[in-house]
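Step one of this worksheet: look at the structure below.
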Amino acid sequence: MRSPPGNGCGKTMTEATGAPFLQISGLRKAYGNLEALRGVDLELRRGEFLCLFGPNGAGKSTLLKIIATLLRPDSGRIRVLDNDLQENPEAYRARLGMVSHQPFVYQDLSLLENLEFYAALYGVKQPRKRALKLLQQVKLIQRCDMPAGDLSRGMQQRLSIARALVNDPELLLLDEPYTGLDEHAARIFGEQLRMLHDNRRTIIMVTHNLRRGMESATRLGILARGRLAYLQEKDQVDPASFEALYFQHLEAS
């Protein structure tokens, strides 16, 4: 089997112009005797879209939860520009948005009420105006008064994108966002992701969906056994070889 081009490490941030937007160094996390992350190092430029693949239990969701401040690392550091997670968590969190396979919206509230609530929570000025703008952006404005619980799975994910954008985050984290979406809903969701990336947001997505991940990302990575086993610019990757390498890691897990 021919390996994907490059040495598996991609370009380092020191080779790129400008300071890195996101810096992760020496990140470790264990659950008892199980090491979920074993020294992860990662740097991203502003506007990059990294898609991380890997077997179940590789540490992908743990990594995203730590970046999202939902979980504390045992050691290591994370910085977004000049904001250090440990030193200034509030300023760090203000730059983040997260979309999971769970929408994290209140099912009994309307779409508009949900977004107004989250906008107010972040201290957004004119929360109603912001909520209406986001509903327009994700093409749900005509359903703004509908309870969130009445939406289809695909529409709930679009609402989840709007929720994640209420604070206009610079870094967007996506944890298995395609789970449970049919082909039509997945296509619409993919269009929303491309729009977000066109706006120069930095995005990290974890998914098992190779096709969707590869068509959206600018960099591809494989996390295996708690380590970043592969990282490369997408335009330097042969898709067939990358797929074969990914399945090698699945079989070895």
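The values are calculated or read from the model by the stated rules, or taken from the named source; none is laboratory data. Model, not experiment: these values are computed from the prediction. A quick note on method: Cβ atoms are made from the backbone with ideal geometry, for glycine too, and the neighbour counts reach across all protein chains shown.
Listing for the model above:
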item: Residue, modelled with the highest pLDDT, within the range 78-100, restricted to residues that are within 22 Å of GLY39 (Cα to Cα) and touching a Leu at 6+ places or on another chain (Cβ under 6 Å); result: ILE78
item: Total residues in the range 194-223, condition within 24 Å of PHE21 (Cβ to Cβ), in contact (Cβ under 8 Å) with a residue 60 or more places away in the chain and surrounded by 16 or more Cβ atoms within 10 Å (Cβ to Cβ); result: 18
item: Of all residues making up the range 175-220, the number that are outside any loop (DSSP other than H, G, I, E, B), touching a helix residue (DSSP H, G or I) at 6+ places or on another chain (Cβ under 8 Å) and either under 28 Å from GLN248 (Cβ atoms) or charged (D, E, K, R) (or both); result: 16
item: Filtered residues of the range 23-57 (kept if under 14 Å from GLU176 (Cα atoms) and part of a loop (DSSP other than H, G, I, E, B)); result: GLY54, PRO55, ASN56, GLY57
item: Residues (on the phi < 0 side of the Ramachandran plot, among the small types (Gly, Ala, Ser) and surrounded by fewer than 18 Cβ atoms within 10 Å (Cβ to Cβ)) located in the range 111-147; result: ALA120
item: Any hit, the range 225-232, residues being within 17 Å of ALA58 (Cα to Cα), in a loop (DSSP other than H, G, I, E, B) and under 21 Å from the mean Cα position of the chain (by Cα); result: yes
item: Residue check for PRO89: touching a residue at least 40 places away in the same chain (Cβ under 8 Å) and under 30 Å from LYS29 (Cα atoms); result: no
item: Filter result for the condition that a residue is of a type in the set (Gly, Ala, Ser) and farther than 27 Å from LEU245 by Cα, over SER75, SER100, SER25; result: SER75
item: Residue that is farthest from VAL105 (Cα to Cα) [pool: residues in the range 139-161 that are more than 22 Å from the chain's Cα centre (by Cα) and in a helix (DSSP H, G or I)]; result: GLN142
item: Total residues in the range 157-170, condition surrounded by 20 or more Cβ atoms within 10 Å (Cβ to Cβ) and over 16 Å from LEU193 (Cβ atoms); result: 1
item: Residue within the range 11-18 that is modelled with pLDDT of 90 or more, surrounded by fewer than 16 Cβ atoms within 10 Å (Cβ to Cβ) and either more than 21 Å from the chain's Cα centre (by Cα) or part of a strand (DSSP E or B) (or both) present; result: no
item: Enumerated helices (runs of 4 or more DSSP H) restricted to the range 72-138, each holding at least 1 residues that are basic (Lys, Arg); result: 89-93, 127-137
